[in-house]
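A short worksheet on the structure shown next.
The values are calculated or read from the model by the stated rules, or taken from the named source; none is laboratory data. Quantities reported herein were computed from a predicted structural model and do not represent experimental measurements. Reconstructed Cβ throughout: ideal geometry from the backbone, glycine too, with neighbour counts over all protein chains shown.
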Amino acid sequence: MKTFMPKAADITRKWYVVDAEGQVFGRVASQVASILRGKNKPIYTPNVDTGDYVIIINADKIVMTGKKLDQKIYYHHTGYVGGLKETKYRKLLAEKPEFAIRRAVVGMLPKGPLGRQMAKKLKVYAGPNHDHAAQNPEKLELV
């Protein structure tokens, strides 16, 4: 019996729309990362990008549980001496909700060229409108 290895021609990619309104931040991120990797498909292979495209809408209406809005902090460094900046997630979600969700999902993908290829299939929008109606995306209910 031969081991099946998916090739680029074998992979059919679907488009999914996830409505993040009222959903929990981390649960949405982990389930979307799994779909981007292709773990929901029987042809999943760790070293091949078998995942689907995911569109997240209403990113500005996502929910964080507990005290995470005030206690969870996003850090980045400017590159200058003493340039460590910090932002609480309450402010980050108010100003750039697309960035916050994208950062969470991309952090759950593999690092390197394969992960960057998977990250390109994620589209995040703050409002209910998106630019991908031509791809006929299916509505996906996350559990």
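Kindly provide the set of residues from the stretch 1-39 that are modelled with pLDDT under 95 and either farther than 19 Å from GLN135 by Cβ or of a type outside the set (Val, Ile, Thr) (or both), ordered by number.
Once the filter is applied, which keeps residues that are modelled with pLDDT under 95 and either farther than 19 Å from GLN135 by Cβ or of a type outside the set (Val, Ile, Thr) (or both), the stretch 1-39 yields MET1, LYS2, THR3, PHE4, MET5, PRO6, LYS7, ALA8, ALA9, ASP10.
Among the residues of the stretch 121-139 satisfying the criterion of being of a type in the set (S, T, N, Q) and assigned to a loop (DSSP other than H, G, I, E, B), which is nearest to GLU98 (Cα to Cα)?
ASN129
Determine if the stretch 7-30 includes at least one residue that is free of Cβ contacts under 8 Å to residues at least 40 places away in the same chain and closer than 23 Å to GLU141 by Cα.
The answer is yes, given that some residue of the stretch 7-30 is free of Cβ contacts under 8 Å to residues at least 40 places away in the same chain and closer than 23 Å to GLU141 by Cα.
Taking the stretch 1-38, which residues are in a loop (DSSP other than H, G, I, E, B), under 14 Å from the mean Cα position of the chain (by Cα) and farther than 24 Å from LYS67 by Cβ?
The answer is GLY38, and nothing else.
It is to be established whether one or more residues within the stretch 91-99 are in a helix (DSSP H, G or I), closer than 16 Å to VAL124 by Cα, among the acidic types (Asp, Glu) and modelled with pLDDT of 95 or more.
Residues of the stretch 91-99 that are in a helix (DSSP H, G or I), as a first pass: 91-95, 97-99.
With the extra rule that they be closer than 16 Å to VAL124 by Cα, the set shrinks to 92-95, 97-99.
Keeping just the survivors that are among the acidic types (Asp, Glu) gives 95, 98.
With modelled with pLDDT of 95 or more added as a condition, the list becomes 95, 98.
So far as the stretch 91-99 goes, yes, one or more of its residues are in a helix (DSSP H, G or I), closer than 16 Å to VAL124 by Cα, among the acidic types (Asp, Glu) and modelled with pLDDT of 95 or more.
Regarding the stretch 76-84, can at least one residue be identified that is surrounded by 15 or more Cβ atoms within 10 Å (Cβ to Cβ) and either part of a loop (DSSP other than H, G, I, E, B) or basic (Lys, Arg) (or both)?
No, every residue in the stretch 76-84 fails to be surrounded by 15 or more Cβ atoms within 10 Å (Cβ to Cβ) and either part of a loop (DSSP other than H, G, I, E, B) or basic (Lys, Arg) (or both).
Can you tell me which of VAL124, VAL106, VAL143 is touching a residue at least 12 places away in the same chain (Cβ under 8 Å) and farther than 17 Å from GLU21 by Cβ?
VAL106
In the stretch 47-104, which residues are under 30 Å from GLN135 (Cα atoms), out of contact with any strand residue (DSSP E or B) (no Cβ under 6 Å at 6 or more places or on another chain) and of a type in the set (S, T, N, Q)?
Correct list: ASN47, THR50.
Keeping to the stretch 115-143, report how many residues are at pLDDT 95 or above, surrounded by 14 or more Cβ atoms within 10 Å (Cβ to Cβ) and under 15 Å from the mean Cα position of the chain (by Cα).
11
Can you find a residue in the stretch 57-70 that is over 19 Å from GLN23 (Cβ atoms), without any contact (Cβ under 8 Å) to a residue 12 or more places away in the chain and surrounded by fewer than 14 Cβ atoms within 10 Å (Cβ to Cβ)?
Within the stretch 57-70 (the criterion being over 19 Å from GLN23 (Cβ atoms), without any contact (Cβ under 8 Å) to a residue 12 or more places away in the chain and surrounded by fewer than 14 Cβ atoms within 10 Å (Cβ to Cβ)), the answer is no, since none of the residues qualifies.
Take the stretch 84-143 and flag every residue that is among the β-branched types (Val, Ile, Thr) and closer than 15 Å to ASP49 by Cα.
Matches in the stretch 84-143: VAL106 only.
Does GLY51 satisfy the criteria of being in a loop (DSSP other than H, G, I, E, B) and either at positive phi or of a type in the set (Phe, Trp, Tyr) (or both)? I'd like the intermediate steps shown before the answer.
On the way: in a loop (DSSP other than H, G, I, E, B): yes; either at positive phi or of a type in the set (Phe, Trp, Tyr) (or both): no.
The answer is no for GLY51.
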